[in-house]
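The values are calculated or read from the model by the stated rules, or taken from the named source; none is laboratory data. In this text the structure is predicted, and so the values were computed from the model without any measurement. With ideal geometry, Cβ positions are generated from the backbone for all residues, glycine too; neighbour counts draw on all protein chains shown. These accessible areas exclude ligands, DNA and RNA; they are computed on the full protein's heavy atoms, side chains included. Shrake-Rupley method; radii C 1.70, N 1.55, O 1.52, S 1.80 Å.
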Amino acid sequence: MSTHADTVRSILAAGNVLLGPMAGITEAPFRAICKRMGAGLTYTEMVSTKGLHYNPDSRITQALLTLSPLETPCAIQVFGNEPTMMAGQAAALADKHGQDVALIDINMGCPVTKVTSKGEGSALMRTPELAAEIVSTMVGACPVPITVKFRAGWNPSEVNAVEFARTMEAAGAAAIAVHGRTRAQFYRGKADWDIIARVNDAVSIPVIGSGDVFSAGDAVAMFERTGVDAVMIARGAQGNPWIFQQARALLDTGEEIDPPTTAMRIAMAREHAAALIEFGGERAFVRMRKHIAWYMSGMPGATHLRLRANKVNNYTELDELLKEYDEYQESRIIRQRGEADSASDI
Ligand SMILES: Cc1cc2nc3c(=O)[nH]c(=O)nc-3n(C[C@H](O)[C@H](O)[C@H](O)COP(=O)(O)O)c2cc1C
């Protein structure tokens, strides 16, 4: 087994509940929050190696590759389908980010047609020889561990995750992450944890399980059902970075931590927004709208305020929205107390 596999094994042993990459969502400020809440390893959003090659100074690409000092060392995820170009870019990233990059992960799971139609992302599961050449060329060129994230397969009649995992291991991958859905499913239906277990049994390198971990209990259940080295949480962290704290507590001591209060959610939304503006200016704020709606989705009432979150343009507007929500909550509590008092008078 490669020593890089041992390196990844020890990274995962130090923190085995990871934040999964989510394009358009897991920007550096959010990753830093998740890390603080207990995420073991964070991943950048996927970065195009062709974009890096042909347009290295693009503002968008550079933002994707900005790592927070609060999350490093972290994982950088790339996608592409051209082995030499990918290897060259991986070597350059390792050189540029030095100790801040724990591993470089290759996206072989993205289901989006814009990506798969070019033979990238999950389409590589249908061209395993090319996928293996990408991995071995990157491993040969790059001093940091190279890992691969893929799916159960392309569609129900092409579920090849087990063979594909063996091929990736033989090509030199230091670890693999498996999302237990086919490309045809996109994010629908249920993730198949049995295929993750079968992949885990088939290889000696570390395996990370991904799909449908939405609570601390789910994290424990995935470990028990699949035997993986680490679990990855993606959608379950949206508006809920506390999930890492809760999973850690349940795994480490069996303690069940209460869900965050409304006040905690509001404070986190403000912190996240402020960090996002510091990171990318007010321009970055459009990204915050989704996050605000998610932070508020756990809160009682105020559906109309949640809808307004979609139109918030800057920190001042967010501040006003949250103040309004605070007032709404206070009046709700006062009303409830009043009702309880008059009931006890009867
Ligand atoms: C909006 C969105 C964007 C995603 N972007 C990426 C990505 O850039 N790279 C990747 O490997 N996986 C990506 N994923 C997949 C997740 O990392 C994860 O494997 C999948 O959502 C299943 O896990 P979950 O049930 O915890 O969400 C994305 C998922 C979502 C919902």
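The residues packed around SER136, meaning those with a beta-carbon under 15 Å from its beta-carbon, carry a net charge of -3 if Lys and Arg are +1 and Asp and Glu are -1.
Rounded to the nearest 500, the 222 nm mean residue ellipticity of the chain from helices alone is -15500 deg cm²/dmol, with -39,500 (n - 2.57) taken per DSSP H run of at least 4 residues. The value obtained for the range 13-96, namely the Cα convex hull volume divided by the number of residues, is 101 Å³ per residue. Among SER157, SER204, SER48, the largest mean-square fluctuation in a Gaussian network model of the chain (Cα springs under 10 Å) belongs to SER157. Here the chain exposes an accessible surface that is 53 percent carbon and sulfur, computed with a 1.4 Å probe and the other protein chains kept in place. Helix 128-141 and the long axis of the chain differ in direction by around 90°, with both axes built from C-alpha atoms. Rolling a 1.4 angstrom probe over the protein heavy atoms with all chains in place gives the range 223-346 an accessible area of 54 Å² per residue. Extending 7 Å from the Cα toward the beta-carbon at both TYR315 and GLU158 defines two label points whose distance is 4.8 nm. Build a GNM of the chain with springs between Cα atoms under 10 Å apart, and of ARG265, ARG289, ARG188 the one that fluctuates most is ARG188. Other residues lying with their Cβ under 13 Å from the Cβ of ARG332 contribute a combined charge of -3, Lys and Arg counting +1, Asp and Glu -1.
Shown here for the range 1-85: trypsin sites (Lys or Arg not before Pro) in loop regions (DSSP other than H, G, I, E, B) with at most 14 other Cβ atoms within 10 Å, of which there are none. Backbone amide hydrogens, once placed in the peptide plane, bring ALA177 within less than 5 Å of VAL148, LYS149, PHE150, ILE208, excluding anything fewer than 5 places away on its chain.
With each label modelled as a point 7 angstrom along the Cα→C-beta vector, the ASP95-THR253 pair spans 4.7 nm.
If only the Cβ of Lys and Arg carry +1 and only the Cβ of Asp and Glu carry -1, the dipole of the range 169-285 around its Cα centre is close to 520 debye.
Based on the Cβ-Cβ distance of LEU70 and ARG335, what FRET efficiency does E = 1/(1 + (r/R0)^6) give at R0 = 45 Å, to the nearest 0.05?
The value I calculate is 0.65.
Taking a ≥ b ≥ c as the square roots of the eigenvalues of the Cα gyration tensor, the chain is classed as prolate, since a/c reaches at least 1.5 and a/b is larger than b/c. Please tell me the relative contact order of the chain in percent, rounded to the nearest whole number, where contacts are Cα pairs under 8 Å and at least six residues apart. This gives 14 percent for the chain.
Can you bin the range 6-58 into rounded, prolate or oblate? Criterion: square roots of the alpha carbon gyration tensor eigenvalues sorted a ≥ b ≥ c, rounded for a/c under 1.5, prolate for a/b above b/c, oblate for the rest. Because a/c hits 1.5 or more and a/b fails to exceed b/c, the range 6-58 counts as oblate.
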